[in-house]
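Undergrad: Please read through the structure below; I'll follow up with questions.
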């Protein structure tokens, strides 16, 4: 049975090779500036702000489901970011049940220690009323801009001290049914330090 699964996975992965990976650099200074000085929730203001190019480019990814991952410059920075997140996680716990509380992505597997990848995720495509694409909306949440702390995300604005890269793969429609399989395979390959992939 495992040979059948391996063959199926290899066939799926071979279909991914021609798919483009789009990479976006996100400076922590821009996250902080956008959160403090801009009303980033509204599409027009968001597009004109210091992260405007990021959201404009993400809004062009609008036809299919997406796989995405956040990474740092190197493994040392990634390890420090996990320490910073866990410190915030501990301080954040005292606000559980309050508006100030942030629901954070789960702790990663202890065996994932030599990686510069922070988090691997997937998002299902759907049309939104607020003007954001689904990947734009999820990025908005991970950056920490979403006002509802109950949505699980990285919430980078609240604890991150380093810049990150966001990588996005938009899946063609015929592969969208395999989105969760691809996420799992990508997580096995990239070994993210944050998040759980069952």
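Undergrad: Can you tell me which residues in the range 74-109 are touching a strand residue (DSSP E or B) at 6+ places or on another chain (Cβ under 8 Å) and under 22 Å from residue 21 (Cβ atoms)?
TA: Of everything in the range 74-109, those that are touching a strand residue (DSSP E or B) at 6+ places or on another chain (Cβ under 8 Å) and under 22 Å from residue 21 (Cβ atoms) turn out to be 78, 81, 105, 108.
Undergrad: Any residue that is modelled with pLDDT of 90 or more and crowded, with 16+ Cβ neighbours inside 10 Å - is there at least one of those in the range 14-25?
TA: The answer is yes, given that some residue of the range 14-25 is modelled with pLDDT of 90 or more and crowded, with 16+ Cβ neighbours inside 10 Å.
Undergrad: Sort through 121, 64 and tell me the only one that's in contact with a strand residue (DSSP E or B) (Cβ under 6 Å, 6 or more places away or on another chain), buried (at least 17 other Cβ atoms within 10 Å of the Cβ) and assigned to a loop (DSSP other than H, G, I, E, B).
TA: Working: 121 fails: assigned to a loop (DSSP other than H, G, I, E, B).
Step by step, each of 121, 64 is checked, and only 64 is in contact with a strand residue (DSSP E or B) (Cβ under 6 Å, 6 or more places away or on another chain), buried (at least 17 other Cβ atoms within 10 Å of the Cβ) and assigned to a loop (DSSP other than H, G, I, E, B).
Undergrad: Might you check whether a residue that is surrounded by 16 or more Cβ atoms within 10 Å (Cβ to Cβ) and closer than 27 Å to residue 56 by Cβ occurs anywhere in the range 87-101?
TA: Among the residues of the range 87-101, not one is surrounded by 16 or more Cβ atoms within 10 Å (Cβ to Cβ) and closer than 27 Å to residue 56 by Cβ, which makes the answer no.
Undergrad: Restricting to the range 127-168, name every residue that is buried (at least 17 other Cβ atoms within 10 Å of the Cβ) and assigned to a loop (DSSP other than H, G, I, E, B).
TA: 132, 133, 144, 145, 146, 149, 154, 155, 159, 160
Undergrad: Hey, another quick one. If I ask for residues that are more than 18 Å from residue 111 (Cα to Cα), touching a helix residue (DSSP H, G or I) at 6+ places or on another chain (Cβ under 7 Å) and surrounded by fewer than 20 Cβ atoms within 10 Å (Cβ to Cβ), which ones from the range 169-198 would you list?
TA: Residues satisfying the conditions are 175, 178, 181.
The values are calculated or read from the model by the stated rules, or taken from the named source; none is laboratory data. Everything numeric in this text was worked out from a predicted model, so none of it was measured. FYI the Cβ positions are ideal-geometry reconstructions off the backbone, even for glycines, and counts take in every protein chain you see.
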